[in-house]
Each structure stands twice: as C-alpha cells, then as structure tokens.
1. Does ALA330 qualify as being under 27 Å from ASP39 (Cβ atoms) and in contact with a His (Cβ under 7 Å, 6 or more places away or on another chain)?
2. Please specify each residue of the range 233-246 satisfying the condition of being within 16 Å of the ligand (Cβ to nearest atom) and either in a helix (DSSP H, G or I) or not charged (D, E, K, R) (or both).
3. When residues of the range 96-141 are filtered for being surrounded by fewer than 19 Cβ atoms within 10 Å (Cβ to Cβ), β-branched (Val, Ile, Thr) and not in a helix (DSSP H, G or I), how many remain?
4. Collect the residues in the range 178-212 that are within 16 Å of the ligand (Cβ to nearest atom) and not in a helix (DSSP H, G or I), keeping them in residue-number order.
5. Any idea which residue in the range 344-365 is surrounded by the most Cβ atoms within 10 Å (Cβ to Cβ), counting only those that are touching a residue at least 40 places away in the same chain (Cβ under 8 Å), assigned to a loop (DSSP other than H, G, I, E, B) and not polar (S, T, N, Q)?
6. Please work out which residue is farthest from ALA348 (Cα to Cα), limiting yourself to the range 259-289 and to residues that are within 16 Å of the ligand (Cβ to nearest atom) and of a type in the set (Gly, Ala, Ser).
7. Quick one: how many residues across the range 14-66 are within 16 Å of the ligand (Cβ to nearest atom) and either at pLDDT below 90 or part of a loop (DSSP other than H, G, I, E, B) (or both)?
8. Whether any residue in the range 38-48 is farther than 21 Å from ALA325 by Cα and hydrophobic (A, V, I, L, M, F, W, C) is what I want to check.
Amino acid sequence: MGEASEGFRQLRCGFPLPNPPPYRGRGFCFLGSGMTLTDAIARLPKAELHIHIEGSLEPELMFALAKRNNVRLRYPDVEALRAAYAFTNLQDFLDLYYQGMSVLLTEADFYDLAMAYFRKVAGQNVRYVEFFFDPQGHTARGVAFETVINGLTRAQADAAAQFGIQSRMIMCILRHLDEADALRTLDQALPYKDKIAGIGLDSSEVGHPPSKFKRVFRRARDAGFLLVAHAGEEGPPSYVWEAIDVLGVDRVDHGNRSLEDPALVQRLAKDRMALTVCPLSNLRLCGVKRMEEHPLRRMLDAGLFVTLNSDDPAYFGGYMNENFAGVGSALSLSAAELRQIARNGFAASFMPEAEKAKALAAFDRGV
Ligand SMILES: [Zn+2]
C-alpha cells in the first residue's frame with residue numbers, strides 16, 4: 001500500500017483535518033505501468049461537476065478577506081479554524097460553511113474566491129467546471145445578487161483566458177429555507193439566464209425532501225434552466241426518486257443511498273442518470289467511516305454513471321486529484337476505471353452536444 005493510501009487511512013470521520021493535508025506522497029507504482037497512482041491521476045484531464053464555490057474558501061483567504069472587509073471571525077487564526085473542521089454530519093459542516101461566507105461582501109471577494117479555485121484546479125489538469133453558488137447565503141446578508149454574479153462571471157472569463165478552463169455556473173436553492181424564498185431567488189436569476197446554466201438544490205437534506213420545491217423546479221424548467229439536486233447524501237432513497245420523478249432533474253448530486261433500493265439502482269442505470277459522487281466529503285461528513293467502505297465500487301459494479309468531484313474542497317481535505325487518489329487507492333480502482341470515471345465527467349456535463357463531442361474527442365486523444 002502506497003503513501004497516498006496511508007495518508008488517507010489517517011483521515012477518519014469526525015476528526016479535524018491534519019495540517020498540512022496528508023496527500024503529499026508520490027504513491028506506489030501503478031499496475032506495473034512505471035507510473036505512480038498520483039502521477040496517473042495528475043495526468044488525467046478532468047471535469048468537475050459538483051463544487052460549491054463558497055466551499056473552496058480556504059482558511060488563509062477567509063482570514064485575508066476578513067481583514068480586508070473588517071469582518072470579525074470567531075476563530076483567532078487559521079490553525080484554530082482548521083481544528084474546527086471535525087465534522088460528524090452535514091449540519092456540523094453547514095454551520096461553519098455559513099459562518100465562512102460572512103467574509104464575502106464585494107464583487108472583488110467573489111472574484112478572488114473563484115479565481116483561487118480555478119488557479120488551484122488548473123494545476124490539477126481540470127479542464128472544465130460546473131460550479132454551484134448559493135445566492136441566498138449572500139442576499140440574506142445584504143449582498144446584492146448582481147454583486148455575486150458579476151464577481152463570479154469575471155473570474156470565469158479570466159479563468160478561460162489564463163488557464164484555459166471553461167466553466168458554467170449552477171445556482172443552488174437552499175432547501176432549509178422556504179418555497180417563497182426559493183421562488184424570489186429564481187426570479188432574481190431570470191435576468192441572468194445567459195450566465196446561469198442550471199438550478200440545483202443543496203444545504204440540510206434530511207427533513208427537506210425535493211418535493212418541497214416542486215413548483216420552483218417546474219418554473220425553472222419552464223424558464224429553460226437545466227436541473228440538478230442533492231439527493232441521497234444523508235436522505236433516504238425516496239429523496240432520489242423525488243429528485244428524478246417530481247423535480248425532473250438532469251443529474252443527481254451524491255445519490256449514495258440509492259444503493260439501498262434495488263429498483264432505484266435499476267432506474268438510474270436504465271436512464272443513464274449521472275451521479276456526482278464526492279468521496280472525501282462523504283468521509284469527512286461521516287457518510288462512510290473509512291474510505292475502504294465507500295459505495296463507489298458498488299456503484300460501478302451496478303453499472304451506474306458516476307463522476308468524481310470535490311464538493312467543498314477547502315473543508316474536506318482535497319480537490320479533484322485528492323478525491324481520485326483517496327477513493328482510487330482505498331478501493332483499488334484500476335487505471336481503466338479511473339480513466340472511465342474521468343471521462344464520465346465530460347460526458348455528464350451540460351456542455352452543448354458539439355462542445356461535448358469535441359471535449360470527449362480531445363480526452364480520447366489524450367490531449
Ligand atoms: Zn454538494
């Protein structure tokens with residue numbers, strides 16, 4: 001077992017992140033190829049489809065923005081903040097996530113946030129991104145919807161020019177808030193239809209089933225948005241059924257608990273419904289106790305259309321490469337399986353068909 005895998009053995013649910021993060025080793029020789037797992041993953045072109053841009057706010061940037069904006073944080077320094085990343089469930093994390101957002105006030109803050117993420121993943125051979133943002137987390141604090149959009153879209157343009165990363169954004173509805181708030185937020189998004197590719201659903205899952213937002217999603221569909229929803233992360237398989245049949249989503253975020261329902265697994269396979277799976281997130285939020293127990297292997301065996309993603313990388317100990325390495329080494333995924341999963345990221349994206357065909361052809365040529 002190589003160093004990368006050993007590093008992830010130290011990660012357990014409910015413990016703070018080690019500092020620095022454990023993904024530092026060169027790894028082991030990968031299937032006799034002469035290449036380490038780490039190198040093989042680093043070389044794969046990747047598309048990320050499940051990343052909350054506010055969840056890429058690293059503690060160092062959080063403190064820098066707090067200083068710039070005169071915002072007082074509850075933690076004295078970066079080390080104390082990192083030590084608080086000892087989550088035992090989704091709500092634990094969300095409480096800290098919403099606190100972290102308090103430093104994001106100006107267009108420049110949103111720009112800096114997104115550019116830091118793009119710069120980081122450019123170094124991981126990520127070529128394409130569909131990222132989430134949570135406008136209600138900002139408008140509720142008095143930040144204008146337009147401020148958020150302007151900062152993020154400016155970063156998208158600069159990331160394309162500087163790093164060659166193409167991206168689209170997906171606006172998420174906070175499911176712990178009510179339908180009226182969601183409808184108002186959807187109305188605010190309509191003038192920016194050309195900048196927002198899709199509508200999603202995130203935040204506290206249990207107790208807030210997808211059906212709560214049936215009318216919101218119907219209106220979003222009618223307005224021409226593509227649809228996604230977090231489902232089956234902590235919530236039961238019935239939430240995944242609702243995401244598909246009641247909301248009519250084009251992709252399911254997480255979907256782990258679908259495996260508890262064989263009829264649902266069949267349906268997901270038959271429809272070739274993409275799942276955006278986030279292994280380090282599942283580990284950090286205690287969806288799995290050890291990475292070796294991650295359901296990805298069973299999803300692959302069931303013929304599900306899975307992609308790998310980082311979710312909230314600043315909080316969960318890794319970006320794309322770390323997610324591929326963590327689950328890849330723990331489940332002994334083959335080079336072919338990792339390659340197929342990386343390819344799925346492009347195939348499951350919301351690129352228009354011509355753009356997608358071009359991206360897949362480039363992937364297959366190995367460029
Ligand atoms: Zn998520």
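1. When the stated conditions are applied, ALA330 passes them.
2. Result: GLY235, TYR239, VAL240, ALA243.
3. 1
4. Answer for the range 178-212, where residues must be within 16 Å of the ligand (Cβ to nearest atom) and not in a helix (DSSP H, G or I): GLY198, ILE199, GLY200, LEU201, ASP202, SER203, SER204, GLU205, VAL206, HIS208.
5. So the residue we want is ALA348.
6. Here the residue is GLY287.
7. Count: 1.
8. no
The values are calculated or read from the model by the stated rules, or taken from the named source; none is laboratory data. Fair warning: this is a prediction, and the values are worked out from it, not measured in the lab. Note that we place each Cβ from the backbone using ideal geometry, even for glycine, and neighbour counts take in every protein chain shown.
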